């Protein structure tokens, strides 16, 4: 079985044209595959990081809106405390604020900022719960409203404001980190292309070496052998490894030169016989 396989393999040969086509096609396939991989990797990374960056920007806008609403409400509470004629709790869109906090929790689910979003919601709940005491505090003659505000409500507001500031700062850092990842992802996506170009250049040099060694050099040897045959009547005895049309051409040239030598020898013998 092994001998049959070796025999079949020895009989199998690629033409000169097919060898060059296969070599150039291999280089083209390597470059094409690397380009496709680079494009797919860049698109995947770009889509992923762009989604995170867009989510961070929306979350930053949400936090800034919550901060603005909290500041506005706190100023309204201060106005009630500063004006004895006012006793009603200022209007505040509690459901909207809670929805904003919930959207932050959803956006940062599974990320390191998620616990801080929970802290914002807890601080908001504590602050709003304390603010509901405002009508009773204003109506009471035993409790100083300013003392109540500065000792009870303002610390809760500062805590809420601090969590919002910290959340906003962390989101800016997250946005900066994602932008940096986007840049790194771009460079990672071009690595396959760079590797493929390097491999392509290596294959080009290998192909050049292959052509010079197996085709150009034998052609020069054949030309030199023909020149020696014509100029110095040397026997054409060029041999080289190969199993393609160039080897067939060398065999044909060798047979033609041998036939030509035999013909010349016969002509010389006939001429000699005629002279005798």
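Assorted remarks:
- Given their separation in residues at 0.36 nm each and the Cα-Cα distance between them, residue 144 and residue 267 gain 30.3 nm when the chain is fully extended.
- Potential extension, residue 133-residue 47 segment - 0.36 nm per residue separation minus Cα distance: 26.1 nm
- In this calculation the C-beta distance from residue 20 to residue 256 is compared with R0 = 35 Å, giving a FRET efficiency of 0.85.
- Length-normalised contact order for segment 204-275 - Cα pairs under 8 Å, 6+ apart - percent: 22
- With neighbour counts taken as other beta-carbon atoms within 10 Å, the residues 197, 216 rank, fewest first, as 216, 197.
- A simple spin-label model places pseudo-atoms 7 Å from Cα toward Cβ; at residue 216 and residue 248 they are separated by 2.5 nm.
- Extension reserve of the residue 152-residue 103 stretch, reckoned as 0.36 nm per residue once the Cα distance is removed: 14.8 nm
- Estimated inter-spin distance, residue 274 and residue 173, nm [label 7 Å along Cα→Cβ]: 10.8
- On the principal axes of its alpha-carbon atoms, segment 204-275 has extents of 62, 21, 11 Å, going from largest to smallest.
None of the figures in this text is laboratory data; all of them are computed from the coordinates on show. Fair warning: this is a prediction, and the values are worked out from it, not measured in the lab. No Cβ is skipped: glycine too gets one built from the backbone with ideal geometry, and neighbour counts run over all protein chains shown.
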